[in-house]
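Undergrad: Below is a structure I'd like to ask you about.
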Amino acid sequence: MSMKRQKIIRLTLSYLVVLAMTVIIVYPLLWVIGSSFNPGQSLSGSKMIPDNATLAHYKELFDTSKSDYLIWYWNSLKISTLTMIFSVILVSLTAYSFSRYRFIGRKNGLMVFLILQMIPNFAALIAIFILGLLTGLIDTHLGLILVYVGGQIPMNTWLMKGYLDTIPKELDESAKIDGAGHLRIFFQIIMPLAKPIIAVIALFTFIAPFGDFILASVLLRSKEKYTLAVGLYDLVAKQFGSEFTTFAAGSVLIAVPIAILFLSFQKYFVSGLTAGGTKG
């Protein structure tokens, strides 16, 4: 078989794989969007392109007398934003310490982080719930934020450490010769150079709490403190009168802040993920 024919076959197979993955990803999204414009609350008669499209479900979500959706949205934004901020700060400091300093327990600490990142948060649900009871943090956003931040540290520390290892240590040494202290080196030299990986971690730590259901459903009890995932589940978990199309409308709007954040940080993602994932 000629090289030209082999190249054509490989290219064709590549396009077929990309096309198949696109269909798998886009098809459910189109159904959710289409369902959100269908009249009624049942999915049995829903169509991807509805005959009588309506915005009634979106209006209902923003009607505070009928729905707590705006409260849930605000709760999710608040929790996700604070989780992102605290996670970026703690992960940056931790990764910088492991990347630049040599201290007793460094290797063991990295090994513990490697093991912890293999264990998902929901595997420790019972322990988290009991800890929340003992500390009085059940049904509080603070308790949920602390759990999210703690769960984000191991994996993201490894990711950021890999990126910081690619930054030449000669920059630190030159700054020290000029009289710069550790904090000044960290904030004025290392962090500006680490913007790509900071953007990646910021996005990851924002998305995880925004879409989480398990931890939020365990720790939150009051309806006015629900996050979007828990609140929307409440719409379809009713024994009678499940509001599936309203649920679809609420699900579509979840993508708005994530899309904005992604577009804002997009230019940093490729270099942040490749450098952070190839050296550690």
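Undergrad: For the range 84-206, report the accessible area per residue in Å² (1.4 Å probe, heavy atoms, rounded to an integer).
TA: Values: 6520 Å² over 123 residues.
Each residue of the range 84-206 exposes 53 Å² on average to a 1.4 Å probe.
Undergrad: So which trypsin sites (Lys or Arg not before Pro) in the range 166-265 are both in a DSSP loop and have at most 14 other Cβ atoms within 10 Å of their Cβ? Each step should come with its number before you reach the end.
TA: Numbers: sites: Lys169, Lys176, Arg184, Arg221, Lys223, Lys225, Lys238; in loops: Lys169, Arg221, Lys238.
When the trypsin sites (Lys or Arg not before Pro) of the range 166-265 are filtered for loop state and at most 14 Cβ neighbours within 10 Å, Lys169, Arg221, Lys238 remain.
Undergrad: Report the one residue of Leu193, Leu232, Gln41 whose Cα lies farthest in the direction of the positive end of the charge dipole of the chain (charges on C-beta: Lys and Arg +1, Asp and Glu -1; origin at the Cα centre).
TA: Farthest towards the positive pole: Leu193.
Undergrad: Could I ask something else about it? Using all C-alpha to C-alpha distances in the chain, build P(r) with 10 Å bins and read off the rounded percent in each one.
TA: Answer for the chain: a P(r) of 6, 21, 26, 23, 15, 7, 2, 0 percent.
Undergrad: For Tyr96, Tyr73, give the ranking by accessible area with the largest first, probe 1.4 Å. List each step's numbers first, then the result.
TA: Working: Tyr96 15, Tyr73 35 Å².
So, going from the largest accessible area down, we get Tyr73, Tyr96.
Undergrad: Please list the radius of gyration and Dmax for the range 1-137, considering alpha-carbon atoms only, with Å as the unit.
TA: 25.1, 71
Undergrad: When the helix-only estimate is applied to the chain (DSSP H runs of n ≥ 4, each -39,500 (n - 2.57), divided by the residue count), what is the mean residue ellipticity at 222 nm, nearest 500 deg cm²/dmol?
TA: Working: 12 runs with 197 residues, N = 280.
Result for the chain, helices only: -23500 deg cm²/dmol.
Undergrad: What is the diffusion coefficient of the range 3-57 in µm²/s, taking the Kirkwood radius over Cα pairs and the Stokes-Einstein relation at 25 °C with a viscosity of 0.890 mPa s?
TA: My calculation gives 181 µm²/s for D.
Undergrad: Let me ask something else. Test of the criteria: in the range 1-64, which chymotrypsin sites (Phe, Trp or Tyr not before Pro) are in a DSSP loop and have at most 14 other Cβ atoms within 10 angstrom of their Cβ? Walk me through the intermediate numbers first.
TA: Values: sites: Tyr15, Trp31, Phe37, Tyr58, Phe62; in loops: Phe37, Phe62.
Those satisfying the criteria are Phe62.
Undergrad: Another question, if that's okay. What number, in percent, do you get for the relative contact order of the range 65-269 if the mean sequence gap of Cα pairs under 8 Å and at least 6 apart is divided by its residue count?
TA: On the way: 188 pairs, mean separation 70.7, N = 205.
It comes to 34 percent, rounded to a whole number.
Undergrad: Rounded to two decimals, what is Rg over Rh for the range 133-263 when you use alpha-carbon atoms and the Kirkwood radius?
TA: Working: Rg = 20.6 Å, Rh = 18.0 Å.
Value, to two decimals: 1.15.
Undergrad: Where Rh denotes the Kirkwood radius from the mean inverse Cα pair distance, what is Rg over Rh for the range 57-154? Show your work: numbers first, answer last.
TA: Values: Rg = 18.0 Å, Rh = 16.1 Å.
Computed over Cα atoms, the ratio is 1.12.
The values are calculated or read from the model by the stated rules, or taken from the named source; none is laboratory data. Computed from a predicted model, the values in this text were never measured in an experiment. Neighbour counts run over all protein chains shown; Cβ positions are idealised from the backbone, glycine included. Heavy atoms of the whole protein, side chains included, go into the accessibility calculation; ligands, DNA and RNA do not. Shrake-Rupley method; radii C 1.70, N 1.55, O 1.52, S 1.80 Å.
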